[in-house]
Amino acid sequence: MDTLALDTESADWLRDLRDSGGARDNAIERLHGLLVRVARGEAVRRRATMSARAADEVDDLCVQAASDALMAILAKLDTYRGSARFTTWACKFVILEASARLRRHAWRERKVELDDTIWDRLPDRAPLILERLEDDQLIGALHHAVDTHLTERQRLVFQSVTMAEVPTDVLAERLGTTRGAVYKILHDARAKLRRALTDAGYAEQRND
Amino acid sequence: MTDHRLDAILGTTGRDPGCDAGLDFIDEYCEIVARGEAVPDRFADFLTHLGNCRACREDTEGLLAVVRAQENRESR
């Protein structure tokens, strides 16, 4: 892929970060400062999911996220092509690092396990997504398809993510894998269920 | 019979490239949205993924907030 024409600020960042002397050190320090500010801003944006007691831990987590993001940015500097400003490109790394850590922090004291009672709860404790289906026959068909067409791992991922609202990166950490891998399991499970529900007359087939 | 209520639980039917491929688009997409421009068709698969993946949707909202804050500072 070709590098696009860069705006002046992005070109300056690249030049300084590729410098072999003091300009690089100065650019790294400025970039780390920016990443810490962005991580803290993301924590503020997500404060509704955090307990007030966890403020110090969250700040440590933001600094760690910024440091890990900085390492990723420096390692991937040659992949920057200029389709967005350099700072936007760089900030995506810290947003991903910080948000994953914040989600995991918010879930650290909660268990993730396959809970088949989730299908049989009374309306006030039922998963919101099932309540929205508003149709016992449809829920029954979905439950049957989950039980008969998914592997145990697919059932765990599907029920955790879509019904118990476990974030994919929290589940990935518990399963010792990556968010992308968890999403692939979810995607495959959904495709199987769509096929089964299409055959049962409830859904349309997906295109991929 | 088609029941679109199932899309929320099964995902939509468009092509979904997954989380890792979506990462390539998130920065450019946020700048386009922040400028208020129409999102080009080449983002269709990425948008399908955003519709299906809550974590990527949250991350995109986070980056969009950063881009908008930067544009607001520059326009002052």
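All of the numbers you see were taken from the coordinates with simple rules; none came from a lab. This one's a predicted model, so the numbers in the text were calculated from it and none came from an experiment. So basically every Cβ, Gly included, is an ideal-geometry build from the backbone, and we count neighbours across all protein chains shown.
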Within the set B:12, B:48, B:60, GNM on chain B using Cα springs under 10 Å gives the largest fluctuation to B:12
Dipole-positive endmost among A:27, A:157, B:55 within the protein assembly as shown (Cβ charges, Cα centre)
A:27
Given DSSP loops and a limit of at most 15 other Cβ atoms within 10 Å, what is the longest stretch of chain A that contains no such trypsin sites (Lys or Arg not before Pro)?
A:122-208
Once you put a point 7 Å from the Cα of residue B:42 and another 7 Å from the Cα of residue A:54, both along the Cβ direction, what distance in nm separates them?
3.9 nm
Greater than 30 Å apart at Cα, pairs in A:92/A:184; A:111/A:192; A:76/A:111:
A:76/A:111
The size of the Cβ-based charge dipole (Lys, Arg +1; Asp, Glu -1) of chain A about the Cα centre, to the nearest 20 debye, is 220 debye
By its C-alpha gyration tensor, with a ≥ b ≥ c as the square roots of the eigenvalues, how is segment A:116-199 shaped: rounded for a/c under 1.5, else prolate for a/b larger than b/c, else oblate?
oblate
Can you pull the three principal axis extents for the Cα set of segment A:8-106, in Å, largest first?
43, 27, 20
Within chain B, which complete DSSP H helices have Cα atoms spanning at least 20 Å along the helix axis and a mean Kyte-Doolittle hydropathy of -1.0 or higher?
B:54-75
Quickly work out the residue A:81-to-residue A:121 label distance, labels modelled 7 Å from Cα along the C-beta direction, and quote it in nm with one decimal.
4.4 nm
